[in-house]
Amino acid sequence: MNSLFALEGKTAVVTGATRGLGQGMALGLAEAGADIIGIGYSDQAETKAAVEKLGRKFFEINADLAQQDKLADVVQEAISKTGKVDILVNNAGIIRREQAENFSDSDWHDVVDVNMNSVFKLTRDFGKHMLENGSGRIINIASMLSFQGGLKVPAYSATKHAVAGLTKSFANEWGSRGVNVNAIAPGYFATDNTAAIREDKDRNDYITSRIPKKIWGKPEDLKGPVVFLASESSNYVNGHVLCVDGGWMSS
Ligand code: NAP
């Protein structure tokens, strides 16, 4: 790996690395040389095996990120695995779909806890550890719905707008202290998160036709962007929301 992008000797925490985009980014970071700490609430065996196949270490932490009172312990457990966390990827997220007028309080709170409250707390607490070390990289996973409202997803859209805001807010305070905070806003990627809209032929056709590249993204398409934001190559990139969307935002 070119030294500008090399992550040898670094430890990266990735939330929601069991599958989908989190798994793709964990493998990208491992390919660049990082050891991985996966935080998730179901079995991470597949990602662990793939990371170890690349010759890197994988540490598994079982935690439900909806449980806000447990997050401080999760951060301490993660730091204790290797003694130093260099990179945090706040990837875990959920989506609930319902017409706005029928959107329930419980769906609202579930989405806000996982997509926004846990991102705030993990960023704050891992960030404090990084500030003590004088360096670190935090990469939050935003969305096209950090810019747009979407359909039937008011909580998801609200929380993804918040992720962009949190990214800029933390970046302003920490950039001069060695910790860069950025976000990746994926466009439309083929994962479980988007299975429902890919099954709706009209929406699938509309989305595919609007994407200038005319195809849905794949988890491995985030490997390069996440390694860029985690590595020396992006030293002067801070507070940025990087769209990786096949051109969706331009069309
Ligand atoms: P996914 O396939 O549904 O995977 C979601 C991941 O989050 C899984 O690893 C899941 O763990 C984990 N997770 C969910 N709730 C959790 C909780 N309470 N505690 C711990 N882990 C939890 O979704 P994805 O498409 O890869 O999405 C990943 C991120 O990208 C999300 O933040 C999503 O909003 C964002 N995003 C996705 C797209 C897209 O097109 N796919 C576009 C823009 C942004 P389990 O496997 O244990 O359930």
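Worth a mention:
- Pair list, Cβ < 6 Å and 6+ apart or interchain, from segment 120-136 residues that are closer than 19 Å to Glu232 by Cα and free of Cβ contacts under 8 Å to residues at least 60 places away in the same chain to residues that are in a helix (DSSP H, G or I) and open to solvent by less than 20 Å² (accessible area, probe 1.4 Å): Gly136/Met130
- The single residue among Phe228, Phe189 that is within 18 Å of Met25 (Cα to Cα) and within 14 Å of the ligand (Cβ to nearest atom) turns out to be Phe189.
- Where Ala155 falls short, out of the listed (1) over 19 Å from His240 (Cβ atoms); (2) out of contact with any helix residue (DSSP H, G or I) (no Cβ under 6 Å at 6 or more places or on another chain); (3) surrounded by 15 or more Cβ atoms within 10 Å (Cβ to Cβ); (4) modelled with pLDDT of 95 or more: (2)
- Selection count, segment 125-152, where residues are open to solvent by 10 Å² or more (accessible area, probe 1.4 Å), in a helix (DSSP H, G or I) and more than 15 Å from the ligand (Cβ to nearest atom): 6
- Conditions (1) in contact with a Leu (Cβ under 9 Å, 6 or more places away or on another chain); (2) buried (at least 19 other Cβ atoms within 10 Å of the Cβ): number failed by Phe58: (1)
- Whichever residue in segment 158-187 is surrounded by fewer than 22 Cβ atoms within 10 Å (Cβ to Cβ) and among the hydroxyl-bearing types (Ser, Thr, Tyr) and, among such residues, is farthest from Phe228 (Cα to Cα): Ser169
- Among residues of segment 7-37, those that are within 8 Å of the ligand (Cβ to nearest atom) and of a type in the set (A, V, I, L, M), counted: 2
- Checking each residue in segment 22-52 for being free of Cβ contacts under 8 Å to residues at least 12 places away in the same chain and either of a type in the set (Asp, Glu) or more than 19 Å from Asp64 (Cβ to Cβ) (or both) picks out Ala49, Glu52.
The values are calculated or read from the model by the stated rules, or taken from the named source; none is laboratory data. Predicted model only: the values in this text are computed from it and were never measured. Cβ sites come from the backbone with ideal geometry, for glycine too, and all protein chains shown count toward neighbours. Side chains are part of the model used for accessible areas, which takes the heavy atoms of the whole protein and leaves out ligands, DNA and RNA. Shrake-Rupley method; radii C 1.70, N 1.55, O 1.52, S 1.80 Å.
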